[in-house]
Structures are given as C-alpha cells and as structure tokens.
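Novice: Take this structure, written in structure tokens, and hold onto it; I'll ask about it next.
Read-outs: derived from the displayed coordinates by stated rules, not from any lab. Predicted model only: the values in this text are computed from it and were never measured. Because the Cβ atoms are built from the backbone with ideal geometry, glycine has one as well, and the counts that use them run over all protein chains shown.
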Amino acid sequence: MCDIVASIPQDIGAYADKLYRLMSEGERAGEGLIKDRMSFCEGCDRNSTGTCLACGCYCLIRSMKKDNKCPKGKW
Ligand code: SF4
C-alpha cells in the first residue's frame, strides 16, 4: 500500500489537484498520460470506486506521478 493513502482527505479531487501542483515538472505525468492511465483503471476489475484493490492507492493519485506503474502491469 502506498504511504500517501493515510493522509488523503475525503475530497480526493481537490487533494489530487493540490498534490499535482506541488509536484515538480520532472515528477508529474502529463495530462494525456494521466488520461491514458485512467482509461485503463476505469475498465479494470481491480478498481473499486477509484481505489486500486491491487495496491490500495487511489488510481488518480497513482497515475499522476510519471514514474509510477500499475501494480498489474496495465500501464
Ligand atoms: S492501477 Fe492497474 S490494477 Fe490498479 S485499478 Fe488501475 S489498471 Fe487496475
């Protein structure tokens, strides 16, 4: 499970936006890459209302960091 989950508040969209802005350019995945990744998550049987059951992370949060990978190798 990723270490960020424990500190995530209820409003995940606002939190994700804030986190994205705090990341350096080098850390951030581009918007197109995030959308591509999320399209895999949206159709994935491990996605439970935005949480990845394979790793425990929020799919959106996981997708935002360029170097992150899907724990099942889908992206
Ligand atoms: S990160 Fe991978 S395993 Fe998890 S929900 Fe997305 S596509 Fe599925």
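Novice: How many of the residues in region 9-61 are on the phi < 0 side of the Ramachandran plot, out of contact with any Asp or Glu (no Cβ under 8 Å at 6 or more places or on another chain) and assigned to a loop (DSSP other than H, G, I, E, B)?
Specialist: So the answer is 17.
Novice: Find all pairs meeting these conditions: Cβ atoms under 9 angstrom apart; at least six residues apart or on different chains; first residue within region 14-40 and under 19 Å from residue 52 (Cα atoms); second residue polar (S, T, N, Q) and in a loop (DSSP other than H, G, I, E, B).
Specialist: 29/68; 37/68
Novice: Quick one: would you say residue 48 is touching a Cys at 6+ places or on another chain (Cβ under 8 Å) and within 10 Å of the ligand (Cβ to nearest atom)?
Specialist: no
Novice: Is there any pair linking a residue in region 56-75 that is without any contact (Cβ under 8 Å) to a residue 24 or more places away in the chain and closer than 18 Å to residue 19 by Cα to one that is among the β-branched types (Val, Ile, Thr) and more than 6 Å from the ligand (Cβ to nearest atom), with Cβ under 8 Å and at least six apart or on different chains, and which?
Specialist: These pairs meet every condition: 59/51.
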